[in-house]
Amino acid sequence: MQEFDKKFVNPVGKSVPRIDGKGLVTGQTKFAYDVQLPGMLVGKMIRSPHPHARIIKIDTTKAEALPGVKAVITAKDTGEIKFGSNEFFFPHLVDQMPLESQKVRYIGDEIGALAAIDEETAEKALKLIDVEYEILPGVFDMLEAMKPGAPQIHENVRNNINVILPVNIGNPDRLIKESDYVREDVFYCQSAAHTCMETHTCIGQYENFSNKITLWISHQAPFKVREAMAKCFKMDLNDVRVIKLATGGGFGGKLEMLPMDFASCVLSKKAGGFPVKIAYTREEEFTCSRRKHNMIYKLKSGVKKDGTLMGMTGEVIADGGAYCSYGPTLLASTIMRIFMTYQIKHLRITGYRVYTNTPISGAIRGFGGVQSGFAVESHMDLLAQGIGMDPAEFRLKNITTPNMVAANKMVISSNGLKECIETSMNASDWKNKRGKQSHLHRGIGMGIAGDVMGSKMYKAHESSGGIVKVEEDCSIYFFTGASDTGQGSNTALSQIVAQELGVSYSRMKCISADTAITPFDTGSFASRVTFIAGNGALLAARDAKEQILKIVAQDLHLDIKDLDIQAEEVIMLSTKKNIMSFEKAVKLCYSFNYGHQILGRGSFNPQTSPVDFRTGEGNVSASYSFESQIAEVEVNTKDGKITVLKLWDSHDVGKAINPSSVESQIEGSLAMGLGYVFSEDLKFENGRCANANFEGYRIPRSVDIPPMETLLIETIDPQGPYGAKGMGEAALLPTAAAIANAVEDAVGIRLKELPFTPDKVLKALKEKYGEDINL
Amino acid sequence: MQITFKLNKKNYSLDLQGHETLLEVIRNLLGLTGTKEACGEGECGACTVFANGKTVLSCLTLACDCDGYDILTIEGLSDGQTLHPIQEAFLEKGAVQCGFCMSGMILAAKNILDQNPLPNLEEIKKGLDGNLCRCAGYPKIFDAIEEAGKKIIKAK
């Protein structure tokens, strides 16, 4: 038996090291990309070179004849079953086949796959696939796609409009009419890529006789993959085992079953059961996974002179690319967020998600909140400016409060937004800087945001289960369905288990996200894991503790209600006296007399409701997290370059289970936000990605990172495990607006089109000040 | 083509076709998967290894050009008993998220600290310019390198 580490007793709130850290810093951890199995074949997807075309004929004979090629598949092998990620609530919108049989709708669309003995043979075979296409006219711009007469991408979809979400609450027209100041703005948000460091990778194996599939995968939601795989294979859920290995980032990009996952298993079946590995190249990762929805945001609002936000109307148009993916929920997510932060009772915004012949738009960190964050938070500053009010004061007047029900029926319980705003203002010295540094071309700007922790939009339930297994030697396993994709959930969940069980974190090991052995969890998205899986962990630990205490009580003839385990000791609550050590108590459970295995179980399902797509009402999350972000910038009026001098992010995280991890999430999110603001712009020319590499698509590098200060606000949420809330995504939501607002404070120009490149800054300066920019 | 090199203090003699990259040899032939590939084009730094005391991008380096070289990968950084001070510092400072960039990042950190164990922030940033991290946003990596330098000096 190992000695427990005293440092890690009562671990909640401590920055304990990552549970998987040693493997990661020594290179020993095996990612899906690292897996080699006996007889493993290399799989490749057969992709369309055209953005829009009808498939006339696919001839695979030459490829099949190439020595070393073990299997080639097309839609004939996979069937014409359609799958989709929003299938549960929107079955009519399911529009993608594992391999397309009739039409291709973007460059990269999958029509087949092949497996060969090595990379070189597989590449050679790809060139031997003969496909006859009838080229169809494509449409690449969402506004063009909506026009009557535009090429139709999917059958029976009028004007290529995939989803319409009309949010209509109160009477915004009347309220805007009654306002003292009204303005209208249009904002443009570009597309972007996740760029996980590990590309999409899977290894599929099909056992013909036992009818069993195993899929090893780099993923955020293995249970979701299992469900889609079982559907496409017409198998039972437990015929499909999806094992998530160490995953090199996700950010929303690894949240769906992709054709590659299905294809690897069909290829394995056809190749006689040998495992087939498909790993995306970096180019495929940029062009054939998922991308951010580029959006146009039109907002019109009215305010009273005293700063009261009266009503808002608007329109959101989102470029969905070739298929539905998470279209409906993303639209809901981008529009509904305003109700988390502002007490607005009258709002009408209609969202349109439009098909184009471009790669599929889907989930990416913030889930539409980055686009709405830029539009809404820029618009709010402009409204404040219109009535001559400090933008921070304007926000403080209109923000949501603790324990309220928003106009769209969101139920807000803990809410530290006011504290977030005030803390960020104090830390940044807002009052002494705002409007006072324009002589230096410096400015300071603010943005606020709210975020969910879970979403009732994917299944009838969104539960997460946990199992705590206390071994005879007092080492502890925690089994969870939640996927750690690098964010550190295995660590945070283990901290919660150790805290609740009253033991040191050093006893913990975590086994996660294997559909055959861990309990169910919907996946790592919507910042839900710490909150929902955390509650599952807490309940499982509590159950395990009760089992131990029951035996102690029985053995010593004590009242179990008077017993607890705290800091490695069984204690009597009434006398505060230690009765026996945790180790002794466990020994008793496994003793000659009792022989009772300690297996604690927990399941948590938050009480929430999906968004009603006729009205926009619903409470998708059991609680909400909040933040205020302030950016200080300096604008070089000669070359148009914006330098961020510092970012402050004040974040209501409920309770920081692991403060260092929480800070790191915020910092990583801020970096991603900065990338979107300044350089990340996934470009397409006639449907072809023009910058599918790290040279053309610049993500933030070490030299691009400004000083960042994270300020953690702990509101102790009544439903959160130890009060914790989700927080992984929110930090990048207000970054663009905070910077745009700071730029206006610095040099008086208003940037409404992302990314903020020097040429756009120079153009705006020229428009405002003419040729002679001597500010 | 016959080449020999030292890798993580062990001698290897390999028969290569000639076109293999150092990364392919390390990962596929020798089974050391700590060194990662994230772009294959020399733009991300995930495949960073040391060759004759200098960092190189193993995805752009031909293995046959490394004949007689002394190569170090992440697997050879610690003595197998205790973590190297850089690895320790990365854990203590919470610099690791998904970890896929970590092997390259830690070796890039070693390169910085080999030159100057007390680098300032600008030197750290410049030294990491070729190593992409998408998760952690770098600040905790900067802290970890600073801390590792202190540990290295203390150990001497």
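Okay, here's what the table says:
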| quantity | calculated |
| --- | --- |
| Any strands (runs of 3 or more DSSP E) falling wholly within the range A:382-493 and containing at least 2 residues that are out of contact with any Phe, Trp or Tyr (no Cβ under 7 Å at 6 or more places or on another chain) and closer than 27 Å to A:Arg337 by Cβ | A:442-451 |
| Condition check for A:Thr195: surrounded by 21 or more Cβ atoms within 10 Å (Cβ to Cβ) and under 27 Å from the mean Cα position of the chain (by Cα) | yes |
| Any strands (runs of 3 or more DSSP E) falling wholly within the range A:503-608 and containing at least 2 residues that are touching a Phe, Trp or Tyr at 6+ places or on another chain (Cβ under 8 Å) and farther than 30 Å from A:Gly23 by Cα | A:569-572 |
| Output for the range A:256-314, where each listed residue is among the aromatic types (Phe, Trp, Tyr) and over 25 Å from the mean Cα position of the chain (by Cα) | A:Phe274 |
| Matching residues in the range B:58-73 - criterion: being within 12 Å of chain A (Cβ to nearest Cβ) and out of contact with any Lys or Arg (no Cβ under 9 Å at 6 or more places or on another chain) | B:Cys59, B:Thr73 |
| Residues located in the range A:644-661, provided they are closer than 25 Å to A:Gly443 by Cα and surrounded by fewer than 24 Cβ atoms within 10 Å (Cβ to Cβ) | A:Val644, A:Leu645, A:Lys646 |
| Scan of the range B:84-136 for residues that are at the interface with another protein chain (Cβ under 8 Å from one of its Cβ atoms), assigned to a helix (DSSP H, G or I) and charged (D, E, K, R), ordered by number | B:Glu92, B:Lys125, B:Lys126 |
| Residue within the range A:144-158 that is modelled with pLDDT of 95 or more, over 29 Å from A:Gly618 (Cβ atoms), in contact with a Cys (Cβ under 6 Å, 6 or more places away or on another chain) and crowded, with 18+ Cβ neighbours inside 10 Å present | no |
| In the range B:137-150, the residues that are under 19 Å from B:Leu72 (Cβ atoms) and away from every other protein chain (no Cβ under 14 Å) | B:Gly149 |
| Only listed residue being within 15 Å of B:Met105 (Cβ to Cβ) and either free of Cβ contacts under 8 Å to residues at least 40 places away in the same chain or not assigned by TED's automatic domain parsing to the domain that holds B:Leu7 (or both), chosen from B:Glu37, B:Glu41 | B:Glu37 |
| Verdict on A:Ile344 being part of a loop (DSSP other than H, G, I, E, B), surrounded by fewer than 24 Cβ atoms within 10 Å (Cβ to Cβ) and at pLDDT 95 or above | yes |
| The one condition in (1) basic (Lys, Arg); (2) away from chain B (no Cβ under 14 Å); (3) not in a helix (DSSP H, G or I) that A:Arg18 fails to fulfil | (2) |
| Matching option when the condition is of a type outside the set (Gly, Ala, Ser) and free of Cβ contacts under 8 Å to residues at least 60 places away in the same chain, among A:Asn160, A:Asn156 | A:Asn156 |
| Every residue from the range B:74-83 that is more than 8 Å from chain A (Cβ to nearest Cβ) and in contact (Cβ under 8 Å) with a residue 12 or more places away in the chain | B:Gly76 |
| Single match in A:Lys459, A:Lys431 (criterion: basic (Lys, Arg) and under 23 Å from the mean Cα position of the chain (by Cα)) | A:Lys459 |
| Unique match (being among the β-branched types (Val, Ile, Thr), surrounded by fewer than 24 Cβ atoms within 10 Å (Cβ to Cβ) and farther than 30 Å from A:Phe233 by Cα) among A:Thr281, A:Thr313, A:Thr334 | A:Thr313 |
| Residue that is surrounded by the fewest Cβ atoms within 10 Å (Cβ to Cβ) [pool: residues in the range A:626-640 that are in contact with a Gly (Cβ under 6 Å, 6 or more places away or on another chain) and within 19 Å of A:Asn415 (Cβ to Cβ)] | A:Phe626 |
| Selection from the range A:329-338 of residues that are touching a strand residue (DSSP E or B) at 6+ places or on another chain (Cβ under 8 Å) and not charged (D, E, K, R) | A:Leu330, A:Leu331, A:Ala332, A:Thr334, A:Ile335, A:Met336, A:Ile338 |
| Matching residues in the range A:508-537 - criterion: being of a type in the set (A, V, I, L, M) and buried (at least 24 other Cβ atoms within 10 Å of the Cβ) | A:Met508, A:Ala513, A:Ala526, A:Val529, A:Ile532, A:Ala533, A:Ala537 |
| Yes/no for A:Ser664 being out of contact with any Leu (no Cβ under 9 Å at 6 or more places or on another chain), surrounded by fewer than 24 Cβ atoms within 10 Å (Cβ to Cβ) and of a type in the set (Ser, Thr, Tyr) | no |
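The values are calculated or read from the model by the stated rules, or taken from the named source; none is laboratory data. Computed from a prediction, not measured in an experiment: that's the story for all the values here. Neighbour counts run over all protein chains shown; Cβ positions are idealised from the backbone, glycine included.
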